[in-house]
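These notes are about the structure you will find just below.
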Amino acid sequence: MVRELAAYERAAHEVVADEPALAAALFGEQPAVFAHVVEGPDGAPAGFALWYVTFSTWLGRHGLWLEDLYVRPEHRGRGYGRALLGTLARVCVERGYGRLEWWVLDWNAPALGFYRALGAVPQDDWTVQRVDGGALRRLAGGA
């Protein structure tokens, strides 16, 4: 489903993760990333939520960062996305986490509407920054 998500987000060319890498991250000795999978009526995976723990210095508490939420197109509109987000909200409440956050692509109007209906609020004052590839290696060498 990771490749399906990447294709949906118009970024299939960026996927380098494979099954062994994902298995090591999710099920290794010290997992730092977690996943919930929802099954469709036939028992096959219908969607997933991949997340990890963050920390807010403003709150002085941990939070949960939703890295990816994906429901296969044929299963959308059945409540699976809401169920996955509800599960993550319960994790936050049960563990005393202060927030549940994620990114959404600006052009993804169906997702934006869905999230607004759940009470999500955009954080328009923040701009995502990223260092990767050669810039990451240069930065690491220049520290």
> Using beta carbons and a limit of 7 Å, which pairs, at least six apart or on different chains, have the first residue in the range 28-57 and at pLDDT below 95 and the second one surrounded by 12 or more Cβ atoms within 10 Å (Cβ to Cβ) and assigned to a loop (DSSP other than H, G, I, E, B)?
Replying inline: 56/98; 56/99
> Conditions: (1) surrounded by 14 or more Cβ atoms within 10 Å (Cβ to Cβ); (2) touching a residue at least 24 places away in the same chain (Cβ under 8 Å); (3) out of contact with any His (no Cβ under 9 Å at 6 or more places or on another chain). Residue 88 meets all but one. Number of the miss?
Replying inline: (3)
>> Restricting to the range 52-93, and then to whatever is of a type in the set (Phe, Trp, Tyr) and touching a strand residue (DSSP E or B) at 6+ places or on another chain (Cβ under 9 Å), can you tell me which residue is farthest from residue 118 (Cα to Cα)?
In response: 55
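Look at residue 43 and say whether it is over 13 Å from the mean Cα position of the chain (by Cα), surrounded by 12 or more Cβ atoms within 10 Å (Cβ to Cβ) and at positive phi. It would help to see each step written out before you state the result.
Details: over 13 Å from the mean Cα position of the chain (by Cα): yes; surrounded by 12 or more Cβ atoms within 10 Å (Cβ to Cβ): no; at positive phi: yes.
The answer is no for residue 43.
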> Could you list, in sequence order, the residues of the range 1-16 that are farther than 19 Å from residue 40 by Cα, among the β-branched types (Val, Ile, Thr) and touching a helix residue (DSSP H, G or I) at 6+ places or on another chain (Cβ under 8 Å)?
Replying inline: 15
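Would you mind listing the helices (runs of 4 or more DSSP H) fully within the range 19-137 where at least 3 residues are over 22 Å from residue 7 (Cβ atoms)?
Result: 80-95.
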>> Checking residue 33 against (1) of a type outside the set (Gly, Ala, Ser); (2) more than 22 Å from residue 91 (Cα to Cα); (3) surrounded by 13 or more Cβ atoms within 10 Å (Cβ to Cβ), only one condition comes out false. Which one?
In response: (2)
> Does at least one position in the range 91-106 carry a residue that is closer than 23 Å to residue 76 by Cα, of a type in the set (D, E, K, R) and surrounded by 10 or more Cβ atoms within 10 Å (Cβ to Cβ)?
Replying inline: yes
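The values are calculated or read from the model by the stated rules, or taken from the named source; none is laboratory data. This is a predicted model, so every value here is computed, not measured. Quick reminder, even Gly has a Cβ in these numbers, built from the backbone with ideal geometry, and neighbours come from all protein chains shown.
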